[in-house]
Each structure stands twice: as structure tokens, then as C-alpha cells.
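Enquirer: I'd like to ask some things about the structure below.
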Amino acid sequence: MLGLKLPTDPRWVNIVEKNIEEILIDHAYCELKAASTAISLINSFPEYTELVDEMVALVKEEMSHFKMVQTKLLDRGYILGRDRKDEYVVELHKFFPKGGSRTTQLVHRLLYAGLIEARSCERFKLLSEQLVDEELCKFYRDLMVSEANHYSMFLKFARFYGDKEEVDTKWQELLDYEAEIIGNLNKDAKMHG
């Protein structure tokens with residue numbers, strides 16, 4: 001369903017299992033960044049009413065997810081800590097050239113957001129199926145559904161605002177590029193690492 005070209009190495013869950021605090025901190029910041037992306041889309045493209053309406057709802061949902069992750073951290077005796085640089089996102093954002101029409105810029109941003117949500121969904125699925133901690137398994141199973149909905153929403157908007165055939169071509173090319181990124185990243189206890 002997600003179309004990812006390179007699945008996450010299942011051994012990634014073993015790394016996460018030994019670093020629950022790190023993955024929860026990284027996850028919390030991912031939720032904040034997702035909310036920030038939605039706010040940025042509202043600021044950058046206020047004339048797209050349907051998009052703005054969905055982004056307002058997404059900000060609320062992502063912030064509620066942030067609060068859920070923060071609560072998990074606190075319940076386990078951890079604190080939020082500092083944000084870490086997300087090499088995955090940095091590398092991903094190098095794919096599309098800067099500039100172009102407003103529509104092109106919007107489509108590119110929607111595709112980036114959709115892909116990040118797709119990878120998060122895939123990783124949440126792995127965590128929900130393979131973590132020893134049953135509480136976290138259920139937590140990630142519930143969040144996986146939201147991530148799948150976000151992924152499909154971003155892709156739907158990219159196809160709605162852009163030329164569907166062109167968007168689908170760009171999507172496939174971005175998926176190929178993302179597979180290279182995943183293959184080259186260190187296997188850290190990060191949501192996208």
C-alpha cells in the first residue's frame with residue numbers, strides 16, 4: 001500500500017528495543033515537525049482552502065500525538081531532551097530542485113510530507129508487531145493508522161493540485177531516491193534513521 005521501495009531492516013527494531021528513550025524522544029520531535037509542516041503549508045499556501053482546512057485538523061492531531069509521546073516519556077521517567085538532526089529528512093529534501101511555480105513547490109512539499117508519513121507508518125507497523133513491550137506495541141499500532149491516513153491525504157492533495165500523471169512520475173522517482181537514503185543511513189534509534 002505504501003509503495004516504499006526498500007523496507008526497513010527488521011533488525012532496526014532490535015536497536016530501538018535497546019534505546020526506547022531515544023526513539024521516544026525522536027518520535028516526539030517528529031510529531032512536532034509534522035505539526036510545523038502543516039502550519040508552514042497554511043502560511044505558504046493560504047489560498048488553497050481545502051488544504052488549509054485539512055492542515056488545521058492535522059496540526060491538532062499531530063500536537064495530540066506529541067502530547068501522547070511526551071506522556072509516554074514522562075511515565076517512564078524520561079524527559080523530552082533536545083531535538084536531534086534528522087539526516088533522513090535533510091537528505092530527502094535535496095531531491096527536488098528549488099524554485100519553480102507555486103504549484104510545483106506545493107506539489108513537492110506535499111510529496112515530501114507524504115513520503116515521511118509513509119516511512120513513519122511502515123516503522124510504526126514494525127514496532128507494533130515486534131517490540132517486546134506490549135504497551136508500546138499497542139501505542140504504535142494505534143498511531144500507524146493515523147500515519148497511513150496522513151500519507152494518503154498528502155498524496156491525494158499532490159494529485160489534486162498538480163498534474164496527476166506528472167505527480168505519479170515524481171512520486172515514483174522520489175520513492176527510488178528515498179530507498180537509496182534508507183540504504184545508506186546508519187541504523188540508529190531514530191524514527192527515520
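Enquirer: What are the residues in segment 69-97 that are in a helix (DSSP H, G or I) and either under 24 Å from Leu175 (Cα atoms) or not hydrophobic (A, V, I, L, M, F, W, C) (or both), if any?
Expert: Going through segment 69-97, the residues in a helix (DSSP H, G or I) turn out to be 69-75, 87-92.
Hits for segment 69-97 are Gln70, Thr71, Lys72, Asp75, Glu87, Tyr88, Val89, Val90, Glu91, Leu92.
Enquirer: Go through (1) within 23 Å of Arg84 (Cα to Cα); (2) touching a residue at least 24 places away in the same chain (Cβ under 8 Å) for Tyr140 and report which single condition fails.
Expert: (2) is the only condition that Tyr140 fails.
Enquirer: Hey, another quick one. Of the residues that sit in segment 1-33 and are β-branched (Val, Ile, Thr), part of a helix (DSSP H, G or I) and under 16 Å from the mean Cα position of the chain (by Cα), which one is farthest from Arg119 (Cα to Cα)?
Expert: Residue satisfying both the conditions and the ranking: Ile25.
Enquirer: Would you mind stating whether Leu74 is closer than 21 Å to Tyr151 by Cα and of a type in the set (A, V, I, L, M)?
Expert: The answer is no for Leu74.
Enquirer: Further question: Picking from Thr49, Thr71, Thr37, which residue would you name as being modelled with pLDDT of 95 or more, surrounded by fewer than 18 Cβ atoms within 10 Å (Cβ to Cβ) and under 27 Å from Arg102 (Cβ atoms)?
Expert: Working: Thr71 fails: under 27 Å from Arg102 (Cβ atoms); Thr37 fails: surrounded by fewer than 18 Cβ atoms within 10 Å (Cβ to Cβ).
Result of the check over Thr49, Thr71, Thr37: Thr49.
Enquirer: Here's a follow-up. Restricting to segment 164-193, give me the number of residues that are acidic (Asp, Glu) and either under 21 Å from Asp86 (Cβ atoms) or surrounded by 14 or more Cβ atoms within 10 Å (Cβ to Cβ) (or both).
Expert: 5
The values are calculated or read from the model by the stated rules, or taken from the named source; none is laboratory data. These numbers were taken from a predicted model, which means no experiment stands behind them. Quick reminder, even Gly has a Cβ in these numbers, built from the backbone with ideal geometry, and neighbours come from all protein chains shown.
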